[in-house]
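Structure first, then comments.
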Amino acid sequence: MSASVTVFRSERVVTPEGTRAAAVVVRDGRIEGIHATVDVPQGANVVDLGRDALLPGIVDSHAHINEPGRTDWEGFATATAAAAAGGITTVVDMPLNSIPATTSLAALRTKAEAASGQCAIDYGLWGGVIPGNAGELQAMVDAGAPGFKCFLVHSGVDEFPAATREVLDKAMPILAKAGVPLLVHAELTDHEPPFAGDVRAYASYLASRPAAWEVDAIRMMIDLCRKHRGPVHIVHLSAADALDDIAKAKAEGLPFTVETCPHYLTFTAEEIEAGATHFKCAPPIREAANRERLWAAVKSGLIDLVVSDHSPCTPALKKLEAGDFSGAWGGIAGLQLSVSAVWTGMRAHGLGLDALVDRMAHRTAKLAGLSGRKGAIRPGLDADFVVFAPEARFKVAPEDIRHRHRLTPYAGRELEGRVLRTYLRGQRIFDATEGLTGPRIGQWLPRG
């Protein structure tokens, strides 16, 4: 038996065919076969997990790593370490808030160079659509960008301006022909009114970004999807009021998908205290009734996937001392905790490990064009695994956070489901008792 062959054995292996006792044979970093546990080859190196579950590595298709240019906010070294600790084995980085934003071929190459050698996990790099860069899009596709992100309102950083309908009418035919998705920050308004009310009150912030902005944006994107026939993906859906329109678009057969995030499924507007600006994000966290409607859509599959939208900044930009929701940076830091946060909610809503894997690994890999390598325990795919204790409970302690900054709304919250170990292409890269293990072997995965 070759030394490069390892067998992972568990009573709960989550495969596309269901969760069952199995032995997963790994050769040279890829899954060679899945067998009954009694069929372990003699002489193989066996990793026996007992009742701990074996999941495919999680694929997070929405994170802001911010390097180069704003590496004091986050960076590839810290973000990928946090991801590994959270069971994520592939992350796809958003084109902002790095400087330069990833809106040209040169910027894509700059970001790839910045990431090289730093990453604990594998990674992809989304491109961006902004006014005036239609001529860059095909070159970025050819260089490996799996899709492109746009904003319909101000992004929060001036180097990534909003795309108008006219801009999208130029960009979408290029993306449709290339077969790559347009990812859309779906808030739309004729004007952004000045912040009104008590700046420390979360209700004031919530009122400043109404659900109607999301509904109007999604209706426009459904229309453009119908016109150009290319895949459109709505990122970080917050407003459940848009679900009916999304259901109709899907029923029509349009290539239209949608994600939501752990913070929208975990927190509620009613529980956010005055001045708690570490809860601020855009679109905002909404009321408890809205959250339950989102959960119903996750459960039914109407919401396709769940991703972190990890969007950190320096603590000073959160303006916690003043508690100023009007001026604080909007973004949630939660990359390391997203799997446990979602699993906590899934257990409460009667969903199992198969749903967790489907929404956070299988479908996210498909969106990023990585289904041929990632997102499932299936022969031929990379041997990316998470050893997961579904029944374990833990309280989030800031000292355990591996993000560059430890400020997160999850601090002090009790979650279910603990990541015990993470493997990338058959190599152990994280252990809950040892931390990161071995060299940083993460690779850029350009679109094939």
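A few comments on the model shown:
- Given (1) more than 25 Å from T164 (Cα to Cα); (2) not in a helix (DSSP H, G or I), number of the condition V184 does not satisfy: (1)
- Some residue of region 208-221 being hydrophobic (A, V, I, L, M, F, W, C), in contact (Cβ under 8 Å) with a residue 24 or more places away in the chain, open to solvent by 30 Å² or more (accessible area, probe 1.4 Å) and part of a helix (DSSP H, G or I): yes
- Scanning region 414-448 for residues that are assigned to a loop (DSSP other than H, G, I, E, B) and either in contact with a strand residue (DSSP E or B) (Cβ under 7 Å, 6 or more places away or on another chain) or free of Cβ contacts under 8 Å to residues at least 40 places away in the same chain (or both) returns R425, G426, A432, T433, E434, T437, G438, P439, I441, G442, Q443, L445.
- Residue-level check: of (1) touching a strand residue (DSSP E or B) at 6+ places or on another chain (Cβ under 8 Å); (2) open to solvent by less than 10 Å² (accessible area, probe 1.4 Å), I130 misses just (2).
- Residues that are part of a loop (DSSP other than H, G, I, E, B) and polar (S, T, N, Q) were ranked within region 127-179; the one that is nearest to the chain's Cα centre (by Cα) is S155.
- Condition met for R359 (under 20 Å from the mean Cα position of the chain (by Cα), of a type in the set (K, R) and open to solvent by 50 Å² or more (accessible area, probe 1.4 Å)): no
- Criterion violated by T110 - all others in (1) touching a Ser or Thr at 6+ places or on another chain (Cβ under 7 Å); (2) free of Cβ contacts under 8 Å to residues at least 60 places away in the same chain; (3) under 30 Å from G29 (Cβ atoms) satisfied: (1)
- Region 99-123, subset assigned to a loop (DSSP other than H, G, I, E, B), of a type in the set (S, T, Y) and closer than 18 Å to K149 by Cβ, residue least open to solvent (accessible area, probe 1.4 Å): T102
- So I272, is it among the hydrophobic types (A, V, I, L, M, F, W, C) and touching a helix residue (DSSP H, G or I) at 6+ places or on another chain (Cβ under 6 Å): yes
- Some residue of region 406-414 being touching a Pro at 6+ places or on another chain (Cβ under 7 Å) and either surrounded by 24 or more Cβ atoms within 10 Å (Cβ to Cβ) or hydrophobic (A, V, I, L, M, F, W, C) (or both): yes
- Test: residue in region 47-61 that is under 23 Å from V307 (Cβ atoms), acidic (D, E) and in contact with a strand residue (DSSP E or B) (Cβ under 7 Å, 6 or more places away or on another chain): yes
- Output for region 280-308, where each listed residue is in a loop (DSSP other than H, G, I, E, B), under 17 Å from A207 (Cα atoms) and of a type in the set (D, E, K, R): K280, R286, E287
- Filtered by the rule that a residue be open to solvent by 40 Å² or more (accessible area, probe 1.4 Å), part of a loop (DSSP other than H, G, I, E, B) and touching an Asp or Glu at 6+ places or on another chain (Cβ under 7 Å), region 390-405 gives a lone residue, R404.
- The set of residues in region 414-445 being outside the structural domain of G29 (by the TED database) and of a type in the set (F, W, Y) consists of W444 alone.
The values are calculated or read from the model by the stated rules, or taken from the named source; none is laboratory data. What you see is a predicted model, and the numbers here were worked out from it, not measured in a lab. With ideal geometry, Cβ positions are generated from the backbone for all residues, glycine too; neighbour counts draw on all protein chains shown. With ligands, DNA and RNA removed, areas are computed over all heavy atoms of the protein, side chains included. Shrake-Rupley method; radii C 1.70, N 1.55, O 1.52, S 1.80 Å.
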